[in-house]
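The values are calculated or read from the model by the stated rules, or taken from the named source; none is laboratory data. Since we're looking at a predicted model, the values are computed, not measured. Glycine gets a Cβ as well: all are built from the backbone with ideal geometry, and neighbour counts include every protein chain shown. The area values use the complete protein model at the heavy-atom level, side chains included, leaving out ligands, DNA and RNA. Shrake-Rupley method; radii C 1.70, N 1.55, O 1.52, S 1.80 Å.
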Amino acid sequence: MAVDSPRVTTEATRRPEEWWVHEDCGVWATGVFLVRGRLYGLKEAARGTRDVLCCECHESGAIMGCFQKGCSLNYHYRCAISSGCLLNEENFSMKCSQHKNKVLTRAAHPRLRR
């Protein structure tokens, strides 16, 4: 995930810091939720992806993991699209090209339960 100019309030400085993120990267990042027009979990997601390598380009900052249980493939947003991953806009989940044709069931994935 591309993060420029970190801007977070710290105990030492008490000055606010900003985190700049590509819109698509922020929306599709694992652990980020949109509630009433506000994104939550963005800072944590950005920090969590620093050491995550993209299986397509092999660069750090991969924000999206395959939703298939047991799959450890991670991608940048653009790499996921270019490699043929399936992006589900209803629940902002992604399945890699190896698993995109497998059917998800609610029993197997608690995130899909209502």
Q) Between residues in region 21-36 that are within 14 Å of LEU87 (Cβ to Cβ) and residues that are among the hydrophobic types (A, V, I, L, M, F, W, C) and open to solvent by 90 Å² or more (accessible area, probe 1.4 Å), which pairs lie under 8 Å by C-beta distance while being six or more apart or on different chains? A) VAL27/LEU34; VAL27/PHE92; TRP28/PHE92
Q. Scanning region 67-84 for residues that are without any contact (Cβ under 8 Å) to a residue 12 or more places away in the chain and not in a helix (DSSP H, G or I), which turns out nearest to GLY31 (Cα to Cα)?
A. SER72
**Q.** Residues of region 34-90 classified as of a type in the set (S, T, N, Q), over 22 Å from LYS102 (Cα atoms) and open to solvent by 30 Å² or more (accessible area, probe 1.4 Å), total
**A.** 1
